[in-house]
1. So how many residues does segment 221-262 have that are of a type in the set (S, T, N, Q), open to solvent by less than 40 Å² (accessible area, probe 1.4 Å) and farther than 21 Å from THR85 by Cα?
2. Can you say whether VAL80 is under 17 Å from TYR327 (Cα atoms) and either open to solvent by 20 Å² or more (accessible area, probe 1.4 Å) or within 20 Å of the chain's Cα centre (by Cα) (or both), as far as the supplied structure shows?
3. Could you list, ordered by first residue, the pairs with Cβ atoms under 6 Å in which the first is in segment 161-182 and in contact (Cβ under 8 Å) with a residue 24 or more places away in the chain and the second is surrounded by 14 or more Cβ atoms within 10 Å (Cβ to Cβ) and of a type in the set (S, T, N, Q), at least 6 apart or interchain?
4. Against the definition (touching a Lys or Arg at 6+ places or on another chain (Cβ under 9 Å) and among the basic types (Lys, Arg)), how does ARG130 come out, yes or no?
5. Under 6 Å between Cβ atoms, which residue pairs at least 6 apart in sequence (or on different chains) link something in segment 218-234 that is touching a residue at least 40 places away in the same chain (Cβ under 8 Å) and outside any helix (DSSP H, G or I) with a partner that is open to solvent by 60 Å² or more (accessible area, probe 1.4 Å) and of a type in the set (Val, Ile, Thr)?
6. Please go through segment 171-193 and pick out each residue that is under 23 Å from the mean Cα position of the chain (by Cα) and open to solvent by less than 50 Å² (accessible area, probe 1.4 Å).
7. Here are some conditions: (1) in contact with a helix residue (DSSP H, G or I) (Cβ under 7 Å, 6 or more places away or on another chain); (2) closer than 27 Å to ARG360 by Cβ; (3) not in a strand (DSSP E or B). THR157 meets all but one. Which one does it not meet?
8. Exactly one of these conditions fails for SER139: (1) in contact with a helix residue (DSSP H, G or I) (Cβ under 9 Å, 6 or more places away or on another chain); (2) open to solvent by 10 Å² or more (accessible area, probe 1.4 Å). Give me its number.
Amino acid sequence: AALAAGGALSACAAAEASVTVPLARQDNPVRWPVYKDNPAIASGLEPEKGATLQIYNWVAYINSATIKNFCKKYNCHAQVTTFNTMDEAIAKLQSGQLNFDVFIPTPDVLGPLILGKLLQPLNHSYIPNRHQTWPDYASPFYDVGARYTMPYTVYTTGIGYRKDLVDQDPYRMANPWEMLWNPKYYGRTGILDDYREGLALGMLKVGIHDVNSTSVAAIAESRRQLELCEKLTAAIIDNNDFTDVPTGQTAVHHAWSGDMASSWYYLPKGVKPDVLGYWYPPEGNGPVANDTMAVLRSSRSPVLAHLFINYFLDLHNALDNASYTGYQQPIEGVTPESMVKAGIIPPSLLSTTVPRSYFRKGLFELELPAKTDQEYQVAWTTFGGGL
């Protein structure tokens, strides 16, 4: 399957007028081209001296202490600039006014970024720690050969809840997604403010597991389900699951595993972590995702950028980073046991960890045809417009 480059990312591929963007899927892996006018850097280069590495990342999604240790090792400085959504990030990159070195894109936007030559191919000789990642990431389906990306974090999307504020155990329910539609939690229910996650939730509630569905009927049904949720629960729409649940602002919240992994930091004084719960389908057929690390073509310090990616693929540094973000990295040795031992998560939140089998069984929300993507966005806006 493929789509004509269009929508918010069309400018990336303007030079490739007739290019179509392949749609990477678990059963349709994509090997991206490497262009003669956009080669990888040469091997054996020294790190740039006196450089300030420019990192473009999501808000609160990297441990500044880990960055500090990297800078100490390579005698450099680093500056982190943040964004809230991928649309915002790409719009700023397209403007050409900002020059970053390392970028943290999601797999669903790689096609236009690569075909538009905004990313540079990686030289793996600078990234020996790539061998510490799970075997699946040596050649992931969305970037066969890992030509442009290395994995950053891996996470699931499920339900976070305060066990003392709900009278249901999702692990004993026939359809746990229905927990978010329960009128008992009126005014205390939360849905993630993300159009793909939101519409996937509506689909999963009624048993539609193709979260990349191009069916107009499936999209419309998901919107109806979300509207019903709003009617029954007056759902809050935000990405503050990590604070909303522990503080009791919401009793139940559509949630990211990494957010819930760190949610215990925000519990009121005297409240023990075992009041927090996180449900994700134990069989692994729920939303799963990972973010990636890439080097921008505009990088002024590409050697340092490669070394930075390599640094964050080391087991010790990955655990150090997760101690702040709560988000697991797909590195050998990062296990539920090591996360507990390192004090990153309490035993009661073991369900926030991601077994490597989920990479194969989980439901990735991936790039859509431009027309379908527009339909998703309209459905989400129609639902969320009055909230």
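1. 4
2. So VAL80 does not fit the description; no.
3. Here the result reads MET179/GLN168; LEU180/THR189, each pair linking segment 161-182 to a residue that is surrounded by 14 or more Cβ atoms within 10 Å (Cβ to Cβ) and of a type in the set (S, T, N, Q).
4. No; evaluated as a whole, the condition is false for this residue.
5. Nothing qualifies.
6. Within segment 171-193, PRO176, TRP177, LEU180, THR189, GLY190, ILE191, LEU192 qualify.
7. Here THR157 meets the rest and fails (3).
8. (1)
The values are calculated or read from the model by the stated rules, or taken from the named source; none is laboratory data. In this text, all values refer to a predicted model and were calculated from it rather than measured experimentally. Cβ sites come from the backbone with ideal geometry, for glycine too, and all protein chains shown count toward neighbours. Only protein heavy atoms, including side chains, enter the accessible area calculation; ligands, DNA and RNA are left aside. Shrake-Rupley method; radii C 1.70, N 1.55, O 1.52, S 1.80 Å.
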